[in-house]
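FYI, it's all coordinate maths here, none of it is from the lab. Since we're looking at a predicted model, the values are computed, not measured. Here the Cβ positions follow ideal geometry from the backbone for every residue, glycine too, while neighbour counts run over all protein chains shown.
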């Protein structure tokens with residue numbers, strides 16, 4: 001057993017999970033801020049962005065050190081590569097949460113209008129994707145990650161429907177163009193978060209199975225590998 | 001507990017040939033420090049200057065200062081006394097072939113006047129535990145000779161022998177070069193644990209091993225210390241291009 005190596009790998013895993021928690025919280029706060037027109041939550045999202053950015057740097061540094069000093073192979077190598085990619089996606093999730101918060105801060109300045117788009121429902125679906133992609137990482141289960149991939153088209157459809165509705169609103173009710181545009185941008189930000197959750201799921205599949213399923217490539221199987229037998 | 005090692009302006013010679021040039025280094029207590037570099041760069045000469053083993057070679061001499069903890073290595077200290085505090089393990093395992101496992105470990109203690117059987121038993125057991133060999137040999141301590149063990153076991157026996165006299169520093173000159181990968185892994189794991197109690201300096205040709213086991217790495221080239229820094233730095237972003245060329249395999 002390589003004690004130092006295992007300790008470093010565990011530290012890497014824990015740091016990534018903490019960062020995942022921060023990113024997930026940022027998205028939840030931003031979308032709650034939208035629903036409740038809550039400026040305080042917006043400000044919290046903006047203030048906590050620096051924590052996510054710092055975490056990204058620390059995780060990359062640790063991954064870099066492990067690669068340089070421990071020569072990981074096979075599943076360990078795939079794990080570290082997956083962590084660096086998930087790290088980048090989580091940082092972008094944080095950025096999207098900031099974008100949403102900034103849009104909400106604009107909206108709060110404008111008169112409230114009822115728009116026929118269910119942003120909270122979309123936000124709920126996106127949050128579920130982020131949460132489940134991180135669960136698939138915690139559990140190391142490719143089938144959980146695969147389920148996230150299958151949710152992405154639902155969110156894409158929500159975004160497309162929101163786009164159609166909001167463009168029509170902007171044409172028919174130009175006096176609410178700003179609110180509609182902000183809502184459209186929030187929908188787009190949420191769809192981008194979903195894409196990052198998809199990326200995370202793909203990276204988990206790569207780590208666990210060694211299969212590259214990006215760009216709709218299929219894994220031979222996402223069923224769990226049989227336990228190794230032998231000496 | 002381990003102690004730090006301070007080296008200042010160390011030069012070493014074999015007759016008229018200078019092998020080390022103005023080496024300055026501070027080895028931290030209770031850390032593992034690796035010395036890497038191509039063949040003939042002076043790393044083994046350097047390590048042997050730390051416990052005056054180089055004096056076994058005719059016409060070898062040094063000037064400069066080496067301190068182990070607070071005491072000076074070259075200022076009137078007896079070599080024997082020094083080597084009690086600074087143990088050494090060599091590339092080729094060298095247990096005393098005719099002695100039993102027990103007697104191998106106890107040899108240094110007996111030479112230092114230990115006679116109390118109970119104390120000897122305790123120290124032998126503790127040393128074999130520390131070198132992760134106890135479980136494999138506890139039933140044959142007096143029955144088997146040191147030479148009857150496998151290569152990896154022999155090297156751990158040599159480590160136990162060095163630890164039995166309770167040194168503060170352990171020098172290891174390519175301790176895994178003659179061992180298979182499994183035995184190498186066990187020795188590397190052992191180094192990781194021994195750091196808690198000892199200061200370790202390891203010379204290795206295996207850069208990846210240096211990266212795995214040591215917190216600090218020094219790169220030697222043509223008798224000079226080119227770079228000495230945290231291992232992560234040396235292997236991710238070395239300051240000197242020669243270091244980078246070596247660790248990336250562009251030469252050496």
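Out of B:133, B:149, B:170, which single residue is under 24 Å from residue B:3 (Cβ atoms), in contact with a helix residue (DSSP H, G or I) (Cβ under 7 Å, 6 or more places away or on another chain) and either free of Cβ contacts under 8 Å to residues at least 40 places away in the same chain or away from chain A (no Cβ under 12 Å) (or both)? Checking each option against the conditions leaves just B:170. Scanning region B:232-248 for residues that are assigned to a loop (DSSP other than H, G, I, E, B) and more than 13 Å from chain A (Cβ to nearest Cβ) gives B:239, B:240. Checking A:17, A:90 one by one, the residue that is surrounded by fewer than 17 Cβ atoms within 10 Å (Cβ to Cβ) and under 19 Å from the mean Cα position of the chain (by Cα) is A:17 and no other.
With respect to residue A:163, is the statement that it is surrounded by 20 or more Cβ atoms within 10 Å (Cβ to Cβ) and more than 14 Å from every other protein chain (Cβ to nearest Cβ) true?
Numbers: surrounded by 20 or more Cβ atoms within 10 Å (Cβ to Cβ): no; more than 14 Å from every other protein chain (Cβ to nearest Cβ): yes.
So residue A:163 does not fit the description; no.
Every condition in (1) under 14 Å from the mean Cα position of the chain (by Cα); (2) within 12 Å of chain A (Cβ to nearest Cβ) holds for residue B:202 except the one numbered (2).
Within region A:143-159, residues that are touching a residue at least 40 places away in the same chain (Cβ under 8 Å) have Cβ atoms under 6 Å from residues that are outside any helix (DSSP H, G or I) in these pairs: A:143/A:222; A:146/A:222, counting only partners at least 6 apart in sequence or on another chain.
Residue by residue, here is whether (1) more than 14 Å from chain B (Cβ to nearest Cβ); (2) over 22 Å from residue A:119 (Cα atoms) holds:
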| position | (1), (2) |
| --- | --- |
| A:16 | yes, yes |
| A:24 | yes, no |
| A:55 | yes, yes |
| A:58 | no, yes |
| A:90 | yes, no |
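Within region B:145-171, the set of residues being in contact with a strand residue (DSSP E or B) (Cβ under 8 Å, 6 or more places away or on another chain) and part of a helix (DSSP H, G or I) comprises B:146, B:155, B:158, B:159, B:162, B:163. Within region B:174-231, the set of residues being surrounded by fewer than 19 Cβ atoms within 10 Å (Cβ to Cβ) and part of a strand (DSSP E or B) comprises B:224, B:226, B:229, B:230.
State yes or no: is residue A:67 within 14 Å of chain B (Cβ to nearest Cβ), under 22 Å from the mean Cα position of the chain (by Cα) and farther than 19 Å from residue A:92 by Cα? Show your work before the answer.
On the way: within 14 Å of chain B (Cβ to nearest Cβ): yes; under 22 Å from the mean Cα position of the chain (by Cα): no; farther than 19 Å from residue A:92 by Cα: yes.
Against the criterion (within 14 Å of chain B (Cβ to nearest Cβ), under 22 Å from the mean Cα position of the chain (by Cα) and farther than 19 Å from residue A:92 by Cα), residue A:67 does not qualify.
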